[in-house]
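Only one structure is covered here, and it is reproduced in the block below.
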Amino acid sequence: MIRVLVGILVFVINTVYRDRPYPRFYVLETVARVPYFSYLSVLHLYETLGWWRKADWLKVHFAESWNELHHLLIMEDLGGSAFWGDRWLAKTTALIYYWIITALYVVSPNAAYHFMELVEKHAYASYQKFLKTHEVELKAQPAPGVAIHYYRDGDLYMFDEFQTAHAPAERRPQINNLYDVFVAIRDDEMEHVKTMVACQQPTAQFAFKSPHTLIGEAVMTPTPEANETEVLLPQ
């Protein structure tokens, strides 16, 4: 069922947007945000009912949706949402997939995470192909302001938070032109894949934590001067 859902999405995007890359990426990023909204909705519901509280899961999934939002803003800046038909298709598809993934997450969280793993793998492959085909022209164009602010000059806490395979501040993309922007987006998609894989591990229920939480817990080291523990928190 998961592969069918992903296959339908990929077929529509590849068929309708074969020669229109920016509208294609706009639709893809609009839909790609939706599963994270589904995860957050269900997790908030569980917390409201008093079943359990997963603050780190909420942080990471919100950071993932925040990352996809900036991908979407970049595509809008590049004109991907200019045509009303593209906006209608993207939002309609997103609404349908929101409810499907919400129901799926209630029944089987691992299946819902596997769905997103496959979507992000497709996104990575799409951006990789686009970079190879359009490298020269992309390097000749400036980076959108929203990309510069998100990847380079802004507050990068949220950027670090969704990348569970990296320690905070470990990855800092170079943003000098539009090619660099698409390299950063492509690499983001692979970081989403890694996080989705981590969420499916048998020990994830107890071991999965946000990068900043892990740093706060891991850097507790005894000081040589005194018999006490020094807790080093992220700056």
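The values are calculated or read from the model by the stated rules, or taken from the named source; none is laboratory data. No experiment lies behind these values; they were computed from the predicted model shown. When we count neighbours, we look across all protein chains shown, and the Cβ atoms used for this are built from the backbone with ideal geometry, even at glycine. Side chains included, ligands, DNA and RNA excluded: accessible areas come from the protein's heavy atoms. Shrake-Rupley method; radii C 1.70, N 1.55, O 1.52, S 1.80 Å.
Quick rundown of the values:
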read-out	value
Surface/4 of the Cα convex hull for region 1-151, nm²	9.6
Average accessible surface area per residue within the chain, 1.4 Å rolling probe, Å²	51
Sites matching trypsin sites (Lys or Arg not before Pro) across region 1-91 that sit in DSSP coil, with at most 14 neighbouring C-beta atoms within 10 Å	Arg18, Arg53
Region 82-157: chymotrypsin sites (Phe, Trp or Tyr not before Pro) in DSSP coil with no more than 10 other Cβ atoms inside 10 Å	none
With Cα atoms, 0 to 90° folded angle of helix 84-107 axis to the chain main axis	40
Ranking by accessible area, most exposed first, for Thr164, Thr15 with a 1.4 Å probe	Thr15, Thr164
Bins of 10 Å, starting at 0 and running to the largest distance - Cα pair percent for region 159-198	30, 53, 16, 1
Crossing angle, helix 109-133 versus the chain [Cα axis fit, 0-90 degrees, rounded to tens]	50
The chain, accessible surface, carbon-and-sulfur percent (1.4 angstrom probe)	61
Rounded tilt (10° steps) of 21-32 against the dominant C-alpha axis of the chain	40
Using θ = phi - 60° and Karplus 6.51 cos²θ - 1.76 cosθ + 1.60, couplings along region 184-189 (whole Hz; Gly, Pro as x)	5, 5, 4, 5, 4, 4
Proximal lysines relative to Lys209, as straight alpha-carbon distance under 30 Å, when same-chain residues fewer than 8 apart are discounted	Lys54, Lys59, Lys121, Lys194
Cβ-based charge dipole, the chain, positive-most Cα from Leu9, Phe62, Tyr26	Leu9
